[in-house]
Amino acid sequence: MKISLSWLKQYVDVDLPVSELSHRLTMAGIEVGEVEIIGGWTEVFVGHVTDVRPHPNADRLRLCVVNTGNEEMEVVCGAPNVAPDQNICLAKVGAKVYNTHTERYEILGPAKIRGVESQGMICSAVELGLGAENDGIIVLPDDAPVGASLDDYLGDVVLDLELTPNRLDCLSVLGVAYEVAAITGKEVVEPEASYHESGVPISEQVKISVADPDLCPRYTASLLQGVTIGPSPQWLQDLLIKGGLRPINNVVDVTNFVMLEYNQPLHSFDYDRIKDATVIVRRARLGEKLTTLDDIERTLCTDNLVIADANDAIGLGGVIGGANSEINENTINVLLESATFNGANNRETAQAMELRTEATLRFEKGLRAELAPIALRRATALIQEVAGGTIAPGIVDIVSEEGAEPAVVTLTSGKIRRMLGMDVGLKQTQETLTSLGFTWEVEGDAALKVTVPYWRNDVNIEEDLVEEVVRTIGYESVPTTMLSSPIPFQHPVPVMNLRDKVKDLLTSAGIQEVINYPLVTLQQLEQVRQLDTEALPIRVANPMSSDREYLRTTLRASILGTLAANQSHSIGPFRLFEAGRVFTPREDDLPDEKETVTGLLAGLRHEPSWLEDETHMDFYDAKGIVELVFERLSVNVTYQPAEDPTFYPGRCAVIETSDSVVGMVGEVHPVVMERLGLDSPQVAIFELYLEPILAALPESQRNFEALPRYPSATRDLALVMPADVSAGLVTRVITGHRGVHHAELFDIYVGENISEGSKSLAFHVYFQARDRTLTNEEVNKSLDGLLRTLDRELNVTLRV
Amino acid sequence: MPRDQNLRDYIPGGILSLTEPSIQRPSAQSIEDIIAAASAELESIQDLAALDQWRVLYLGRRGALTMVLRGLASIEVSERKAVGALANQAKTTLEDRLKERVRQVNEESLKISENRDRLDVTLPGRPALKGSLHPTTQIVREICDAFVAMGFGVVEGPEVEWDHYNFEMLNIPKGHPARDMWNTLWVDYDDPEKEKAMLLRTHTSPMQARVMESREPPIRVVVPGKCYRYEATDATHEWHFYQVEGLAVGEGITFADLKGTLYEFARRMFGEERKIRFRCDYFPFVEPGVDMSIDCFACQGDGDGCRICRDSGWIEIMGAGMIHPRVLEGVGYDVEKYTGFAFGMGPERIAMLKYGIDDIRHFYANDLRFLRQF
Ligand SMILES: [Zn+2]
């Protein structure tokens, strides 16, 4: 909302500097954004053209004699519209004006134009930075003060208010004036709205009824006859332009002006185009058609409220007028409407029609019904002032029960204390409310019965009044205390604790956290071969763009995307993880949001360095990370070969606890790598599913295991077995054997001396007992047993 | 004597004459000869192994001096005592010299290895693996920790929400113009009743209602999490961002408590000397509603020419207010008994202020050159 300071000053005295005013409005909740300075001219004055003569040396130029109050000067002017007896803007030598040829502001110097000395310049709008108009000079009104500095006369400051949706009142100049008055302790003077009525009363000339009062709590109207449609006077046009509206004609301009002044949108009908002089405010008929002022034929439904004549709709109530009753240059009689419409319905209609007009901007927030007749009288008077004509006696005022009651709210000092934690004296409360335009009656010794002024629709309950008081006296007057209520017991949220722990483990293992957008495309999911066309992911109904349309069902696509993006400027190592949610739809419910951690390892195993080798990370790097995590979480897991379309077959394992899948680890399938343009020998991914991991966490995180008190005995075993026997299985058999404490796999060998289809694994096997040092015989006996078991169960034999 | 053969390698010349001392008759002269020869050799020895050989040769069980002592029996009784004393003295002398020579050799060899083992300490170290938490995670943790220290718990909620929790329970009914404050991404959801709308939550505030529904006061929680808006991105706007919501409900909670709590938070986050300021603002679920600023930590509130606070000296960091009675009523609380306050802030904005990040789009572009700075 743009507010002109000069306009504002018509209703309230403003003696604060603009910066201070802006600051204080902002602190009170009326945020001032940009401050636009209009003018700021020096050496530009209001002048009066006393004579215009031809230029001796140029047909298109004229010599003008300009009076500036105490002197006369001769000025060369090329504008076609300059004429004697005009008030104009005269820039004297030294003024800064816009040069349309150089497209820059320049200081005006003395000039000889075609041989004639010019002592100044009569300015166009563009030369003064007042608009784009450059076809002619600005002609000021007849009452412009000749000799005055133009800055005093036309200069202005426009405040751009960034309003919160509750402060409808400050969409109007008067609303802001009341706010300024409260801040500065001044009084608001509302404009005059008295006029002379004559002729046949309105009640005999038009028949108005409201068929649907639920959508139109109040409908008021006046009738002006014999008006002359034409352009508005300059002052009116200027104020409209400053308020951001385009002048149209005097009648329409007045309705817009009063809207900016009072907030009440008004509408003017051409009385003679209303069939049977009958106005009915009713719901539209299904399929009823109306061509609106923007020349669009609209098909209506019964949720829309129309203003209709005896036959047809002539306007969409509170949204936009109809073309069939529009004011035009031939209009003589004007029916002026000032009504209150149901906010929610108005908003719904406007949204359905995609028509956010200045009117709906106001009606949708719920204008107070008391406002309608006030604004009607102001506009009626003003139309007569600028367009002439007579005013039919009386107004139409149809008001439903809920329509006209002012809001009354009781405020107690106890409430203020309970909300703010401090006392505000009754007297200070009264003064504060009065300054804001509220009226009140004292009720008992600690309560006020407060009547809300007609321009405020946002004050409805006691808490609202508490805010009015505290925002006016200032929040700095409220004390600063610490919560004294008991500290509630905070139940831990296990999944958050687990996620934090996993994040910390991963970062300490040298993996970087990334965070990606959860909205993806189907192609992204397809690229990592995770798109199930039978069960599509959850879709956003109004996506901003097609690349942010579906809620992700996997983190793999995003993190591989992160890898691809970073490969353009780095060779790694890439060690990334993301902890986020994946979304799966559920019947009649919010989606399941599964907490997932996906990590990725790709590129060089070490930072490029003068020290290190240049090997690349692979499956086993990822698995090492996973092992670290589960080891630290004390969760026992197994790794089973698995198939998953994202992963390279044979290089993928599912991670399981005794009763559920808790993760995956694998190398990305070459097809996926190629689709994503990934530039690494291989990319390893691990994935952890937090909810099942949570279920597998031991009750108590760790149990201390006593350190061994007796030495262990070591035997090295080189074993031969069929190639398809997994190391995991052999290890499990060895470590599960009685007497074995643990075993380390230290070599894998295939080749010479090992028959085709076989492989050799070599282990350090550690034998140990809790209660004694094992004898050689005991160790050997245990070892023999182990070898027999390996042979029997897995066809594993000692290498010879 | 193979042992003597080896000795030749270490002790050049003149030794063999001493190798059969037992044959000689010991005399003062022979002892002095031994000392002289041994001392001369000792000076020329450069390593510990040769020193040990020397020790065997002169002081060992079959060494020269031992032989002298063994040969005492063969001399006159009258000389025996004096020569014996000389021999013992010589033994002590040679042992002392050996000790000294060992010390010297050790010292010299240390010097040599020190020179040999010298590194170029300016070469870069063997790279350790590096990983850090995303800056948003770091800031969210920092924010939550500040409130945890004041007795708040941390909870989370769903990112896909019902209209009911995201709006209606927060005093933003359908058709309310304030809905324009949140440009919403709606979820394509086929509700058989056509009454429920599903959306990506536009703020973490729905957890206010969810938390209050699930328990009785007193309540003190903060709620971090992702939020989404239908909004074009630019240097200061993201359609996907985090919020940290906070909520305290109980008996006797006032705006003064809100001030105190947020003041304490501001000091923990931005330094002890921080000042706070409130201005009136509007959020439908609080009344009164405010916007909290801190005095600028970059220019200490001075303002002039400051890029962080854009000359104002103040930086807005969060919205807050007393929970609207309709919100409390909506969850079934007794509004005559309980009051509360709520607040919400954007961790990215706070991170941007703290670290001087000029564009919010860096956060989720995941350029490692950005992330690794934190
Ligand atoms: Zn600053």
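The values are calculated or read from the model by the stated rules, or taken from the named source; none is laboratory data. All values derive from a computational prediction rather than experimental measurement. Here the Cβ is made from the backbone with ideal geometry for all residues, glycine too, and neighbour counts use every protein chain on show. Quick note on the areas: whole protein, heavy atoms, side chains included, nothing else; ligands and nucleic acids left out. Shrake-Rupley method; radii C 1.70, N 1.55, O 1.52, S 1.80 Å.
Figures for the structure shown
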quantity	calculated
Residue in segment B:266-276 that is away from the ligand (no atom under 16 Å from the Cβ), closer than 27 Å to A:R471 by Cα, at pLDDT below 90 and in a loop (DSSP other than H, G, I, E, B) present	yes
Flag for B:D367 being at the interface with another protein chain (Cβ under 10 Å from one of its Cβ atoms) and more than 17 Å from B:L262 (Cα to Cα)	yes
Single residue of B:P21, B:P12 found to be at pLDDT below 80, open to solvent by 70 Å² or more (accessible area, probe 1.4 Å) and in the same structural domain as B:L94 (by TED's automatic domain parsing)	B:P12
Candidates B:E348, B:E316, filtered to the one that is within 13 Å of chain A (Cβ to nearest Cβ), charged (D, E, K, R) and open to solvent by less than 10 Å² (accessible area, probe 1.4 Å)	B:E348
A:T507 among the β-branched types (V, I, T), touching a Gly at 6+ places or on another chain (Cβ under 6 Å) and either at the interface with chain B (Cβ under 9 Å from one of its Cβ atoms) or exposed (fewer than 15 other Cβ atoms within 10 Å of the Cβ) (or both)	yes
Test: residue in segment B:209-231 that is among the polar types (S, T, N, Q), touching a residue at least 60 places away in the same chain (Cβ under 8 Å) and away from the ligand (no atom under 16 Å from the Cβ)	no
Residue match in segment B:326-345 (condition: out of contact with any strand residue (DSSP E or B) (no Cβ under 7 Å at 6 or more places or on another chain), facing chain A (nearest Cβ under 9 Å) and either under 21 Å from B:Q208 (Cα atoms) or not in a helix (DSSP H, G or I) (or both))	yes
Hits in segment A:573-616 - residues which are surrounded by 15 or more Cβ atoms within 10 Å (Cβ to Cβ), of a type in the set (D, E, K, R) and part of a loop (DSSP other than H, G, I, E, B)	A:R605, A:E607
Selection count where residues are more than 7 Å from chain B (Cβ to nearest Cβ) and either touching a residue at least 40 places away in the same chain (Cβ under 8 Å) or in contact with a strand residue (DSSP E or B) (Cβ under 6 Å, 6 or more places away or on another chain) (or both), scope segment A:462-492	7
Hits in segment B:179-205 - residues which are within 11 Å of another protein chain (Cβ to nearest Cβ) and either among the basic types (K, R) or within 16 Å of B:I323 (Cβ to Cβ) (or both)	B:R179, B:K196, B:R201
Residues of segment B:280-300 that turn out to be open to solvent by 10 Å² or more (accessible area, probe 1.4 Å), in contact with a strand residue (DSSP E or B) (Cβ under 7 Å, 6 or more places away or on another chain) and within 11 Å of the ligand (Cβ to nearest atom), as a count	0
Unmet criterion (only one of (1) in contact (Cβ under 8 Å) with a residue 60 or more places away in the chain; (2) buried (at least 17 other Cβ atoms within 10 Å of the Cβ); (3) of a type in the set (A, V, I, L, M)) for B:L57	(1)
Residues located in segment B:210-220, provided they are crowded, with 24+ Cβ neighbours inside 10 Å and either touching a Phe, Trp or Tyr at 6+ places or on another chain (Cβ under 6 Å) or not hydrophobic (A, V, I, L, M, F, W, C) (or both)	B:R220
Test: residue in segment A:533-544 that is within 12 Å of chain B (Cβ to nearest Cβ), touching a residue at least 12 places away in the same chain (Cβ under 8 Å), open to solvent by less than 10 Å² (accessible area, probe 1.4 Å) and more than 30 Å from the chain's Cα centre (by Cα)	no
Test set (1) in contact with a Cys (Cβ under 6 Å, 6 or more places away or on another chain); (2) among the hydrophobic types (A, V, I, L, M, F, W, C); (3) assigned to a loop (DSSP other than H, G, I, E, B) - A:I248 fails condition number	(1)
Residue list for segment A:328-342, filter: under 15 Å from A:D270 (Cβ atoms) and surrounded by fewer than 24 Cβ atoms within 10 Å (Cβ to Cβ)	A:N328, A:E329, A:N330, A:T331, A:I332, A:N333
Qualifying residue in segment B:311-329 (condition: within 16 Å of the ligand (Cβ to nearest atom), within 21 Å of A:M419 (Cβ to Cβ) and over 31 Å from the mean Cα position of the chain (by Cα))	no
Unique residue being over 30 Å from A:E513 (Cβ atoms), surrounded by 17 or more Cβ atoms within 10 Å (Cβ to Cβ) and in contact with a strand residue (DSSP E or B) (Cβ under 8 Å, 6 or more places away or on another chain) when the list is B:A197, B:A178	B:A197
Test: residue in segment B:235-255 that is open to solvent by less than 50 Å² (accessible area, probe 1.4 Å), away from the ligand (no atom under 16 Å from the Cβ), at pLDDT 95 or above and assigned to a helix (DSSP H, G or I)	yes
Options B:I350, B:I360, B:I315, B:I294; residue that is in a loop (DSSP other than H, G, I, E, B), β-branched (V, I, T) and assigned by TED's automatic domain parsing to the domain that holds B:T261	B:I360
Top-ranked residue in segment B:131-161 [being open to solvent by less than 20 Å² (accessible area, probe 1.4 Å) and in a strand (DSSP E or B); ranked as farthest from the other protein chains (Cβ to nearest Cβ)]	B:E161
Criterion: in a strand (DSSP E or B) and open to solvent by 20 Å² or more (accessible area, probe 1.4 Å) - qualifying residue of A:E34, A:E20	A:E34
Among the candidates B:G356, B:G303, residue that is within 16 Å of the ligand (Cβ to nearest atom), open to solvent by less than 10 Å² (accessible area, probe 1.4 Å) and more than 11 Å from chain A (Cβ to nearest Cβ)	B:G303
Filtered residue count, segment A:622-641, keeping only those that are crowded, with 18+ Cβ neighbours inside 10 Å and either part of a loop (DSSP other than H, G, I, E, B) or within 14 Å of chain B (Cβ to nearest Cβ) (or both)	5
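Residue-by-condition table, conditions (1) open to solvent by less than 70 Å² (accessible area, probe 1.4 Å); (2) farther than 20 Å from A:E133 by Cα; (3) modelled with pLDDT under 90:
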residue	(1), (2), (3)
A:V76	yes, no, no
A:P80	no, no, yes
A:P84	no, yes, no
A:I88	yes, no, no
A:K92	yes, yes, no
A:A95	yes, no, no
A:N99	yes, no, yes
A:P110	no, yes, yes
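Yes or no, residue by residue, for (1) under 14 Å from A:L600 (Cβ atoms); (2) modelled with pLDDT of 95 or more; (3) more than 44 Å from the chain's Cα centre (by Cα):
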{"position": "A:V654", "(1), (2), (3)": "no, yes, no"}
{"position": "A:E674", "(1), (2), (3)": "no, no, no"}
{"position": "A:R709", "(1), (2), (3)": "no, no, yes"}
{"position": "A:S712", "(1), (2), (3)": "no, no, yes"}
{"position": "A:P722", "(1), (2), (3)": "no, no, yes"}
